[in-house]
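As structure tokens, the structure follows; a few thoughts come after it.
The values are calculated or read from the model by the stated rules, or taken from the named source; none is laboratory data. Everything numeric in this text was worked out from a predicted model, so none of it was measured. Virtual Cβ from ideal backbone geometry, glycine too; neighbours counted across all protein chains shown. Side chains are part of the model used for accessible areas, which takes the heavy atoms of the whole protein and leaves out ligands, DNA and RNA. Shrake-Rupley method; radii C 1.70, N 1.55, O 1.52, S 1.80 Å.
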Amino acid sequence: MRLAELTALFGRLDFPVPEDRGHPPRDHVRAVEGAVRAGLSDDELLLDLFALEIERRDGAPELAPFHVIPELGVRLAFAYWRPGRAAGAHEHSDWTVTAVVHNTLDVATFDWEATARARRLVPKRLFSAEAGRVGHIYGPCIHDPRNPTGSWSISLHLFGPHDGPVIEAQVGPIEGLTPAAPRAEPDDALSAALLAHERECVRRAQIDALERRGPQAAALLAHLHARGDAGTRRRAARALGRTKATEALGTHAVLARRWPGVDLDVAPRAGRAELVARCGARAQVLLRVDAWAGPALRAVSAARELRPSDIPGLAEAEQLALARALVDWGTFQPFEAQEN
């Protein structure tokens, strides 16, 4: 199934237009759920959707539509789940269809009517959704998806045009319900750097999902390779089967500091040493190591350029692991990869 076929299905099912504020029959929503499940099984639909996401949103991490089905207002969006991330308990008041397309999510659900009566979250059930699992919401629902794994997960969402919060307007504040967070624009150098890092993490998650899709995904992988930073290009090169030496990070590669306006510092904490990025009053922990490796972090924090082989107190494999972590964060880039 391709995206054009999925769009045509909505037309055949005669979904209501947004102005009607009508609810489609549940069987129509189940038909869309089945079509998405079938479409994801042969990769064509997912590749169509990723192509639009990559072109239109280019690594943007927040949940926002990359496509709206004309005339119906049905929104399609990908969500990206860093390791351990939870959405927080939130509600859906219109129909949705959701699919896990990469890795795993755990989903906690809550009893809507009992929660409304008690004005606090009343748990209902917890289930695990592996890649390929597709489900739907029809009536009002409160749930809290989370990524329980150490790798990024990706989910696909189709939202009805009238989805939004309603329960607190009906009964008052609900203890434990997560309010919708407004999108914040970066307001300092550290915020901008962390957003850039988040974009690269999204691109890398896309690469991991596309790597399994065979030769048909090569064009999208090449696009991500061209757009990404050094860490992203290295991952895309592996997915594309490239073995050029320039894609590897060696112990004598020259790394140059990025993130202008952001200082690096080392702080001790509970028997460990943390590499901290600071900008004014803001701080972000980037790495934690055992206290004995603190001198290595101090050397990194003081350097504008460095070679992995020059990081003190570490074996070669440890030097390379630390250097790759710095490149993955975007704090350093191989000198030849500098864009500015």
| For region 61-80, which residues satisfy the criterion of being surrounded by fewer than 17 Cβ atoms within 10 Å (Cβ to Cβ) and of a type in the set (A, V, I, L, M, F, W, C)? | L63, A64, V68
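Mind listing whichever residues of region 271-302 are open to solvent by less than 20 Å² (accessible area, probe 1.4 Å), under 18 Å from E318 (Cβ atoms) and under 25 Å from the mean Cα position of the chain (by Cα)? Walk me through it before giving the result.
Taking region 271-302 and keeping what is open to solvent by less than 20 Å² (accessible area, probe 1.4 Å), we get 273-277, 286, 293-294, 296-297, 300.
Within this subset, residues satisfying the condition of being under 18 Å from E318 (Cβ atoms) are 273-275, 286, 293-294, 296-297, 300.
Of everything in region 271-302, those that are open to solvent by less than 20 Å² (accessible area, probe 1.4 Å), under 18 Å from E318 (Cβ atoms) and under 25 Å from the mean Cα position of the chain (by Cα) turn out to be E274, L275, L286.
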| request: Taking only region 34-61 into account, find how many residues are in contact with a strand residue (DSSP E or B) (Cβ under 9 Å, 6 or more places away or on another chain), of a type in the set (D, E) and outside any helix (DSSP H, G or I). | output: 0
| query | Within region 6-33, how many residues are part of a helix (DSSP H, G or I) and touching a residue at least 12 places away in the same chain (Cβ under 8 Å)? | reply | 13
| message | Quick check on region 71-86. Is at least one of its residues at pLDDT 95 or above and part of a loop (DSSP other than H, G, I, E, B)? | response | no
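Among the residues that make up region 115-124, is at least one of them part of a helix (DSSP H, G or I), touching a helix residue (DSSP H, G or I) at 6+ places or on another chain (Cβ under 7 Å) and either open to solvent by 40 Å² or more (accessible area, probe 1.4 Å) or not basic (K, R) (or both)? Break it down stepwise before answering.
Taking region 115-124 and keeping what is part of a helix (DSSP H, G or I), we get 115-118.
Filter once more, keeping what is touching a helix residue (DSSP H, G or I) at 6+ places or on another chain (Cβ under 7 Å): 116.
Now restrict to residues that are either open to solvent by 40 Å² or more (accessible area, probe 1.4 Å) or not basic (K, R) (or both): 116.
Within region 115-124, one or more residues are part of a helix (DSSP H, G or I), touching a helix residue (DSSP H, G or I) at 6+ places or on another chain (Cβ under 7 Å) and either open to solvent by 40 Å² or more (accessible area, probe 1.4 Å) or not basic (K, R) (or both).
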| remark: Those residues of region 87-103 that are farther than 19 Å from H136 by Cβ and in a strand (DSSP E or B) come to a total of 1
| query | Got a number for residues in region 135-163 being open to solvent by 20 Å² or more (accessible area, probe 1.4 Å), small (G, A, S) and modelled with pLDDT under 95? | reply | 3
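Kindly indicate which of S93, S41 is hydroxyl-bearing (S, T, Y) and in contact with a helix residue (DSSP H, G or I) (Cβ under 9 Å, 6 or more places away or on another chain). Full working, then the answer.
Details: S41 fails: in contact with a helix residue (DSSP H, G or I) (Cβ under 9 Å, 6 or more places away or on another chain).
Checking each option against the conditions leaves just S93.
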| Meets criteria (of a type in the set (S, T, Y), more than 21 Å from A303 (Cβ to Cβ) and touching a helix residue (DSSP H, G or I) at 6+ places or on another chain (Cβ under 9 Å)) for T251 | no
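Look through T109, T98 and report the one residue that is surrounded by 20 or more Cβ atoms within 10 Å (Cβ to Cβ) and not hydrophobic (A, V, I, L, M, F, W, C). Before you say what the answer is, go through the steps one by one.
Values: T109 fails: surrounded by 20 or more Cβ atoms within 10 Å (Cβ to Cβ).
It is T98.
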| task | Mind listing just one residue for me: the one in region 213-222 that is closer than 22 Å to A77 by Cβ and over 18 Å from the mean Cα position of the chain (by Cα) and, of those, modelled with the lowest pLDDT? | result | R213
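Name the residue, out of R242, R183, R204, that is at pLDDT below 90, within 20 Å of F78 (Cα to Cα), out of contact with any strand residue (DSSP E or B) (no Cβ under 6 Å at 6 or more places or on another chain) and among the basic types (K, R). Please lay out each step first, then the result.
Working: R242 fails: within 20 Å of F78 (Cα to Cα); R204 fails: at pLDDT below 90.
That would be R183, the only listed residue that is at pLDDT below 90, within 20 Å of F78 (Cα to Cα), out of contact with any strand residue (DSSP E or B) (no Cβ under 6 Å at 6 or more places or on another chain) and among the basic types (K, R).
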| note | The condition of being open to solvent by 10 Å² or more (accessible area, probe 1.4 Å) and modelled with pLDDT under 90 holds, among R21, R2, R37, R12, only for R21
| message | Need the failing condition index for L320 against (1) open to solvent by less than 50 Å² (accessible area, probe 1.4 Å); (2) aliphatic (A, V, I, L, M); (3) more than 30 Å from R213 (Cβ to Cβ), just the number. | response | (3)
| field | Qualifying positions in region 170-220 - in contact with a Leu (Cβ under 8 Å, 6 or more places away or on another chain), open to solvent by 20 Å² or more (accessible area, probe 1.4 Å) and assigned to a loop (DSSP other than H, G, I, E, B) | value | G176, L177, P186, R213
